[in-house]
Structure formats: C-alpha cells, structure tokens
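A short worksheet on the structure shown next.
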Amino acid sequence: MEYVIIGNSAAAVGCIEGIRQVDQTGGITVISDEKYHTYSRPLISYLLLGETTEANMYYRPADFYKKNNVTFMPGKTVTAIDPKAHQVCLDDGAKISYDKLLYATGSSPFVPQMQGLERVKKQFTFMTLDSAKALDKTLDSSTRVLIVGAGLIGLKCAEGIRHKVADVTVVDLAPNILSSILDDDAAAMMQKHLENHGLRFYLNDSVQQFTEDTATLKSGAQVPFDVVVLAVGVRPNTALLEEAGGKVNRGVVINNKMKTSLPDIYAAGDCTRSHDISSDTDRILALLPNAYMQGETAGINMAGGKAVFDKAIPMNAIGFFGLHIITAGSYTGKAYTKIGENTYKKLFVSDGLLKGYILIGDIDRAGIYTSLIREQTPLSDIDFDLVFEKPGLLAFSREKRAQILGGAK
Amino acid sequence: MKRVYVNEKWCLGCHLCEYNCAFAQTGKEDMALALKGKQIHPNIRVEDGDNIHFAVNCRHCDEPLCVKSCITGALSRDENGVITIDKEHCIHCYTCILSCPYGAIVPSEEGAIQKCELCIKTTQGTPRCVAGCPNNAIVFEER
C-alpha cells in the first residue's frame, strides 16, 4: 500500500500516526511546499515573543519521519491531482502514484482588496514560519506596526511583537476584538487588558486608503506606520481538489470517515468543512486539535481500519500577556454568567445541554465543560449549579465517577 | 496497564495523597523538611462534598484527548501508556486543560502545565500517592 499526504502539519502528522496504528509497513510519502520539519504553526507568535525557539517549534521529534518510515519531500508543490490515474503531479514535473491520498493543504491568509495596498512596501501575513521570520527582520524599537484584523492571528501577532516595536495599532471592521470566540462583554474585558499592554485599537473601522506610510481609516483617522500585517482571516486551500473534480463547499466536503467525494482521497484539517455538533451546522473549524483528530481518523481508514470523527466543536485556548482565555462550543441559549476582577465565566445552555462556554482568567478544569458539550451530556444527569460554580467530578453521579475513576464498565 | 484507581467509599478526605505527590516531586528525603511552610502543587487532587471524598488524577486514557490536542507535541504517550509532559516544549497555551474531560491537568508554577506521570520520573514503582494512602482509597493496579 502506498500512501501519499499533501501537507505536513497537524492533519498530516495525525494521518501518519493513524496509518501506523493499522499498517506498519506501507510506504508513506509526505509532500510539503515548506522546507521545514513538521512544526506547530500557532507557535510563530511565541517565537517572536521569545518563549520558544525554532528547534522547540517541532511538532514531533527530529526522528519522526525516520521512525515512521516516511519519505519526506520538503519544498515541493503539488500542481495537480489525477484521481483516475491515482497520481499527484509536482512542480518539478515528477509524478507520484498513490493507493490512498490525504489532502491536508491547510488554509491561506485572505487579503481583501484595499486601495493603495500595493504601495505598502513592508506588508506581511502571519501564518507560516517564513512569514514570521520575514516580519521579524523588519522590526526594531522604532517600528510602528499596523495590524489589519483583531482576530486570533492578528492579536497573537500583536502580542508577539509588542515588546520589540514602538507601537502596535489594530484595525478591525467588527465592533469587538476576537469576535469569533468572545461575546461583547468578554471582548470588552480583553480589549482593556490589551490596551493596558500598549495595543491601540480602531474598531468598527477599516482602512479606506493606504499610502506608503499612512493608512486613512473610514472614520477619518490617520494611522502612520512602517509595517503592515494583514490578518483579516484565512481561507481553505481547496483549489487542487476542486480542479480534480472533488466536491467543495467553501471547505473540502468530507464524511465522518474523512473521505472526500473522490475515490481513495481523504481530507483533513483547515482545508475541510466540519460538522459542528454544538450548533448542528457545517462550518470551517480551522483548529489544530480538530486537524489532528481528523488526520488520525483519515489515516486509520486509509489503512483499512475503522474510525469516525463526529465530535467536532469550536474550541480555543489562548492567552495574551498572561491572561488566559478558554472557549468552546456555540453561544446560544440561556447564559449563566459570573464576572469578577479579571475573571469571566459564561455558560450557554439550551435543550438541556451545555452548548458553549467562555472563560477568562480562571480556566481551572475547563475540560470538564468541554466534555459536557462534546459528549452532549444531559444536564439533568448532573448537578449543574455545582458544576457552574466550580467544574468538578463531584457534580456527576456516583456511578459515573465509578466509571471514570474506578474503571467500572 | 496499571493505573491509579479510586475506591470512593474508602476515601477519608485526608488529602495525604496530595502531600505525598508534592513530596515525590521534590526529590527530597524528608517530607516535613521538603514541604514545611510551602504551598503544594500536587498532580492528584481530592474533591470534597457532603460525606463524599475522592481523589482525581490523570486517567492515562487510551484515547488521550490532551495528547491529540496538544499544539506543540509536548504531551505524548510512552510505550507503556503513560502520558508524560515535556516541560521544555510546553508553551502553556492550556489547550490540554481545555481538552481533559476530568480536569486532571493544571498550570504549574514555572509556567508549563503539570500532570500525574505515575511517578515514572521521580520515585518510580508504586506512585507515592498510592503508597501513602492510609485506607486503600486509591490503588495502583490493572483493571
């Protein structure tokens, strides 16, 4: 059996580990357009922050490919997939045959049309190790940075570079920062915290026009800058699969075995469309844990095993300047709220189930909440008041605890 | 594999397992000297309710969500099934705390996360929490 994987991040690693659970001998080829050993993309901001090193960014140990008998092809770009011939074509003209293919191409920064952007000499996105290194080279203590986008990527970038530069200004069309993971009140709390650490925000605003060193905003404000970081959002990389005739609906369409509409082709990670069980909707969940679990599921199935992944939910653990946020699920239904000095807790309940939560500051044992969402545990089975107050196993029945802690079946 | 299992009805709520865990982490000979006047940071924690007490530590899951979710690769499962943390590699994003269904992973004082590793890096053999339990409320065995 010959397995080919396009991509080299969490989904690819999950796939390799999934395949090797079932098939220890089949050949695995990993094709990556980057030149690096598999690394953790979210760590690029920690690299700039000085909290990790390039060597410590490895997502798996240096002997990972060797140990798993993987042929690693770095710095090669796939130009086409031929599903009939079961081949992928590379930019150097080579053709590689597969029996089973994983499409794990990830996502790319989305850069909207903005007037005058072409005049900005120092403009970057913030997604890959190369993009982080390129940005880092332009920064010194006099640099003024304008970040377009107050989402996870834009703000992690802001945190990563704040200590190196003169000032960081963030512009976003949305009225709140981190609008994909926080509600209004939580966003206001985090914004204040970030402002206390020297970030400046223009929200409900956008860049109307760039000159080479100044952005004029829709509100009329003028923001002088030396460097622009574009972090408006990401889009799944679906083109290759679509050109090969595979079904795409914003993301690659897959079933719960991670199979695409094309024979012997699976997909996983940021390029795919997931089913979010917390909102019962299909959506793009570009999250590293999701990518790994999809990849592992795909790998097991590619190797002839049986696995499904049908518990995807949005979830994020992220910190800024020492203040941690953990969120999961969807923010629908009745809200149960507790707000303190630099702590924030909101749980969302609907249909007798926990659907989502937001925690800031006190994130102790948050996974108990995540599990209630993921397992769709009826709240009538537990002491909800107790678990809301303090997540713990005390809120569960004695029988459930005997299973969890006593190994009872 | 051998794991730490809880006999809930036998737990006295004495919290000695927490002290023994913290002691094992110090690598010192004398418990009183090692822990006197110190705030302890155990990897096993007793929950107390009305006449209910039980200890919770890592379950060393066969399908460990913490390991699968770890964004750095700092958490891994060794050949014996023990889930361990490479603290050098951890950047304390707390995705594992988001993921663990039992709340068995906690931030550590030095930043990285900490969790029960069944004493494989410290005293070895029977985990110190179990060895010191006065009423067999936690046991180390295959089930």
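Here the condition is being under 21 Å from B:MET1 (Cβ atoms), of a type outside the set (Lys, Arg), in the same structural domain as B:LYS2 (by TED's automatic domain parsing) and touching a residue at least 12 places away in the same chain (Cβ under 8 Å); of B:ILE52, B:ILE44, it holds for B:ILE44 alone. Within the option set B:GLY13, B:GLY37, being touching a strand residue (DSSP E or B) at 6+ places or on another chain (Cβ under 7 Å), over 30 Å from B:SER76 (Cα atoms) and among the small types (Gly, Ala, Ser) holds for one residue only, B:GLY13. As for the stretch B:38-51, it holds at least one residue that is of a type in the set (Asp, Glu), at the interface with chain A (Cβ under 10 Å from one of its Cβ atoms) and surrounded by 15 or more Cβ atoms within 10 Å (Cβ to Cβ). Within this structure, B:THR72 fails the test of being assigned to a strand (DSSP E or B) and closer than 30 Å to A:SER9 by Cα. Which of the residues spanning the stretch A:223-268 are acidic (Asp, Glu), farther than 26 Å from A:ILE313 by Cα and not in a loop (DSSP other than H, G, I, E, B)? Selection gives A:GLU243 alone. For the stretch A:235-276, residues that are under 30 Å from A:ARG162 (Cβ atoms) and either at pLDDT below 95 or touching a Phe, Trp or Tyr at 6+ places or on another chain (Cβ under 6 Å) (or both) total 1.
Taken together, the residues in the stretch A:386-402 that are more than 10 Å from chain B (Cβ to nearest Cβ), part of a helix (DSSP H, G or I) and out of contact with any Phe, Trp or Tyr (no Cβ under 9 Å at 6 or more places or on another chain) amount to 3. When we screen A:LYS66, A:LYS35 for residues that are more than 10 Å from chain B (Cβ to nearest Cβ) and either touching a helix residue (DSSP H, G or I) at 6+ places or on another chain (Cβ under 9 Å) or part of a loop (DSSP other than H, G, I, E, B) (or both), the only hit is A:LYS35. Take the stretch A:166-208 and flag every residue that is on the phi > 0 side of the Ramachandran plot and surrounded by 19 or more Cβ atoms within 10 Å (Cβ to Cβ). Listed by number, the list holds a single entry, A:LEU178. Apart from one condition, A:SER141 fits all of (1) surrounded by fewer than 23 Cβ atoms within 10 Å (Cβ to Cβ); (2) part of a helix (DSSP H, G or I); the exception is (2).
Step by step: first the residues of the stretch B:71-87, then only those that are under 17 Å from the mean Cα position of the chain (by Cα) and within 10 Å of chain A (Cβ to nearest Cβ), then the one that is nearest to A:ARG41 (Cα to Cα). Which residue is that? By that ranking, first place goes to B:ALA74. For beta carbons closer than 6 Å, sequence separation of 6+ or different chains, a first residue in the stretch A:42-53 that is facing another protein chain (nearest Cβ under 7 Å) and a second that is among the aromatic types (Phe, Trp, Tyr), the qualifying pairs are A:THR52/A:TYR46. Counting the residues of the stretch B:84-109 that are within 15 Å of B:ALA22 (Cα to Cα) and charged (D, E, K, R) gives 1.
Any idea which residue in the stretch A:345-355 is surrounded by the fewest Cβ atoms within 10 Å (Cβ to Cβ), counting only those that are under 23 Å from the mean Cα position of the chain (by Cα) and farther than 14 Å from A:GLU375 by Cβ? Filtering first and then ranking leaves A:LYS346.
Of the numbered criteria (1) at the interface with chain B (Cβ under 10 Å from one of its Cβ atoms); (2) modelled with pLDDT of 95 or more, the one A:LEU354 fails is (1). Within the set B:CYS90, B:CYS96, the sole residue that is of a type outside the set (Ser, Thr, Tyr), more than 7 Å from chain A (Cβ to nearest Cβ), without any contact (Cβ under 8 Å) to a residue 60 or more places away in the chain and farther than 28 Å from B:ASN7 by Cβ turns out to be B:CYS90. Of the candidates A:TYR344, A:TYR331, the single residue that is touching a Gly at 6+ places or on another chain (Cβ under 9 Å), outside any strand (DSSP E or B) and touching a residue at least 60 places away in the same chain (Cβ under 8 Å) is A:TYR331. Within the stretch A:364-380, if we keep just the residues that are over 30 Å from B:LYS2 (Cβ atoms) and surrounded by fewer than 22 Cβ atoms within 10 Å (Cβ to Cβ), the residue that is nearest to the other protein chains (Cβ to nearest Cβ) turns out to be A:GLN376.
Please work out which residue is surrounded by the most Cβ atoms within 10 Å (Cβ to Cβ), limiting yourself to the stretch A:314-344 and to residues that are out of contact with any Pro (no Cβ under 8 Å at 6 or more places or on another chain) and of a type in the set (Val, Ile, Thr). Applying the filter and picking the extreme gives A:ILE326.
Please go through the stretch A:252-283 and pick out each residue that is surrounded by 21 or more Cβ atoms within 10 Å (Cβ to Cβ) and in contact with a Gly (Cβ under 7 Å, 6 or more places away or on another chain). Residues satisfying the conditions are A:VAL252, A:THR260, A:ILE265, A:ALA268, A:GLY269, A:ASP270, A:CYS271, A:THR272, A:SER278. Taking every residue in the stretch B:110-129 that is free of Cβ contacts under 8 Å to residues at least 40 places away in the same chain and closer than 10 Å to B:VAL82 by Cβ and pairing it with any residue that is assigned to a loop (DSSP other than H, G, I, E, B) and among the basic types (Lys, Arg), at least 6 positions away or on another chain, yields no pair with a Cβ-Cβ distance below 8 Å. Restricting attention to the stretch B:8-41, the residues that are in contact (Cβ under 8 Å) with a residue 24 or more places away in the chain and in a loop (DSSP other than H, G, I, E, B) total 7. Taking the listed residues A:THR214, A:THR143, the one that is touching a Phe, Trp or Tyr at 6+ places or on another chain (Cβ under 8 Å), on the phi < 0 side of the Ramachandran plot and not assigned by TED's automatic domain parsing to the domain that holds A:MET57 is A:THR214, with no other qualifying.
Consider the stretch A:54-63 and keep the residues that are in a loop (DSSP other than H, G, I, E, B) and either touching a residue at least 60 places away in the same chain (Cβ under 8 Å) or not hydroxyl-bearing (Ser, Thr, Tyr) (or both). The one that is surrounded by the most Cβ atoms within 10 Å (Cβ to Cβ) is A:ARG60.
Of all residues in the stretch B:113-143, exactly one satisfies the criterion of being of a type in the set (Gly, Ala, Ser) and closer than 22 Å to B:CYS61 by Cβ, namely B:ALA137.
The values are calculated or read from the model by the stated rules, or taken from the named source; none is laboratory data. Model, not experiment: these values are computed from the prediction. Cβ atoms come from the backbone with ideal geometry, glycine included; neighbour counts cover every protein chain shown.
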